[in-house]
Amino acid sequence: MADILTAWELIEKLNEEKRLSLNEFTCLLENRNSVDREKLFAKARENAKAYFGNTIYLRGLIEIGNYCRNDCLYCGIRRSNCKAERYRLTEKQIMNACVNGHRLGYRTFVLQGGEDLYFTAGKLADIIKSIKEAFPDSAVTLSVGERSTEDYQMWYDAGADRYLLRHETADEEHYGKLHPPELSLKHRIECLYTLKKIGYQVGAGFMVGSPYQTTENIAKDLVFLRELEPHMIGIGPFIPHKDTPFAKETAGSLELTLFLLAVIRIMLPDVLLPATTALGTIAPDGREKGILAGANVIMPNLSPKDVRKKYMLYDNKLCTDDEAAEQKAKLDKRVESIGYRTVTDRGDSPKCKASTLVCPKRL
Ligand code: 5AD
């Protein structure tokens, strides 16, 4: 019989071999209280430093619209939330947000929105082209959900570089408890592999502490991420939204989110790992703590001020002045105060840079 490893020995094994089995991850999560957090976070930072030094990448987030055809039980912009005040940005508003962001130094624009077929493939392709034409030095990241292979291809051909599509949970049964029956984990995962095949830098991820989530579910998420090997991983605590079926559920914890950030950093040292807005929402210094646990990306909000409150995925979403991209100097200071520095170059995945010769980049 194999030796039973302590939680810290499992961390050391993960650090050496960059993978653990499903059972080992479960065991690590169950026994995580015995892990010295300072030691764990130091190991995570060491892994991040090997690839990124002390740099923190900034991405400007533009929330292009909150209409959504889906009805995910956790999400504040689900279609049956009739209290959500719906909006869509015009191409001009999106361009203005980019102009503003570019002036501040941002070189990645993340266009995020609900699944809204108003943004036809052609319409979004035109917007992507305009952004790339005006800012050829900048990366465009899309985060607009599940669409056809043709749509994804058209946007890539228009110049989009990256795509964020959290898998939400890698367990079929758990997926069913968070989503309406017309959505499937299988299709979501197919989308992720399609995006990767097209050539996007891809981001996956999940919520920490979502309703019905078990330790084994999280272990499955980790095994799935190891297998997919995305360029980016977005994880943040689940936070209830008052006008959803999960209004009365408890939020995910800071403790578990930080633990998972560190584990993910140790497992995939070159991954781009944001300290998410949700993390900054459950704790005032959540994002600093996230960086100290291995995160290396922050995504400040570049959306026009009047729509920020409408893009409410969960209650109390951070949209104060500190969150605003205009407050970049403040943000820089906060990052510097913990020994890091923000950079505003495109910050492509190191994986991608290494493979530019094999995988021709559009000119
Ligand atoms: N709490 C935390 N994160 C949420 N998201 C959606 N609703 C919530 C919530 N209530 C996350 C999902 C989605 C991303 C854009 O926001 O993981 O993929």
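The values are calculated or read from the model by the stated rules, or taken from the named source; none is laboratory data. These figures come from a predicted structure and were not determined experimentally. FYI the Cβ positions are ideal-geometry reconstructions off the backbone, even for glycines, and counts take in every protein chain you see.
Points to keep in mind about this one:
- Residue match in the stretch 100-107 (condition: out of contact with any Pro (no Cβ under 6 Å at 6 or more places or on another chain), at pLDDT 95 or above, outside any helix (DSSP H, G or I) and within 16 Å of the ligand (Cβ to nearest atom)): no
- Restricting the first member to the stretch 225-241 and to residues that are more than 21 Å from D171 (Cβ to Cβ), and the second to residues that are of a type in the set (S, T, Y) and away from the ligand (no atom under 12 Å from the Cβ), the beta-carbon pairs closer than 9 Å and six or more apart or on different chains are H231/Y200; H231/S349; M232/T141; M232/S349.
- The requirement of being within 30 Å of S148 (Cα to Cα), modelled with pLDDT of 95 or more and within 15 Å of the ligand (Cβ to nearest atom) is not satisfied by L222.
- Among the criteria (1) modelled with pLDDT under 95; (2) exposed (fewer than 14 other Cβ atoms within 10 Å of the Cβ); (3) assigned by TED's automatic domain parsing to the domain that holds G114; (4) out of contact with any Lys or Arg (no Cβ under 9 Å at 6 or more places or on another chain), the one K361 does not fulfil is (3).
Conditions (1) touching a residue at least 60 places away in the same chain (Cβ under 8 Å); (2) more than 18 Å from L111 (Cβ to Cβ), marked per residue:
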position: G280; (1), (2): no, yes
position: P284; (1), (2): no, yes
position: A293; (1), (2): yes, yes
position: M299; (1), (2): yes, no
position: P304; (1), (2): yes, no
position: V307; (1), (2): yes, no
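- E115 being assigned by TED's automatic domain parsing to the domain that holds I291 and part of a loop (DSSP other than H, G, I, E, B): yes
- Selected residue [in contact with an Asp or Glu (Cβ under 9 Å, 6 or more places away or on another chain) and in the same structural domain as I128 (by TED's automatic domain parsing)] from G236, G176, G159, G203: G159
- Per-region count, the stretch 118-154, residues of a type outside the set (A, V, I, L, M), closer than 18 Å to L61 by Cα and in a helix (DSSP H, G or I): 3
- Looking only at residues in the stretch 54-69 that are part of a loop (DSSP other than H, G, I, E, B) and in contact with a Phe, Trp or Tyr (Cβ under 9 Å, 6 or more places away or on another chain), the one that is farthest from M299 (Cα to Cα) is Y67.
- Within the stretch 167-222, tally of residues that are of a type in the set (D, E, K, R), at negative phi and surrounded by 19 or more Cβ atoms within 10 Å (Cβ to Cβ): 4
- Positions within the stretch 56-90 being among the charged types (D, E, K, R), away from the ligand (no atom under 15 Å from the Cβ) and touching a residue at least 60 places away in the same chain (Cβ under 8 Å), in sequence order: E85, R86
- Within the stretch 155-166, considering residues that are within 11 Å of the ligand (Cβ to nearest atom) and assigned to a loop (DSSP other than H, G, I, E, B), the one surrounded by the most Cβ atoms within 10 Å (Cβ to Cβ): L165
- Test: T276 is closer than 30 Å to C82 by Cα, surrounded by fewer than 21 Cβ atoms within 10 Å (Cβ to Cβ) and modelled with pLDDT of 95 or more: no
- Yes/no for K39 being surrounded by fewer than 17 Cβ atoms within 10 Å (Cβ to Cβ), within 16 Å of the ligand (Cβ to nearest atom) and either touching a residue at least 24 places away in the same chain (Cβ under 8 Å) or outside any loop (DSSP other than H, G, I, E, B) (or both): no
- For G234, the conditions (1) farther than 24 Å from K132 by Cβ; (2) within 15 Å of the ligand (Cβ to nearest atom); (3) buried (at least 16 other Cβ atoms within 10 Å of the Cβ) all hold with the exception of (1).
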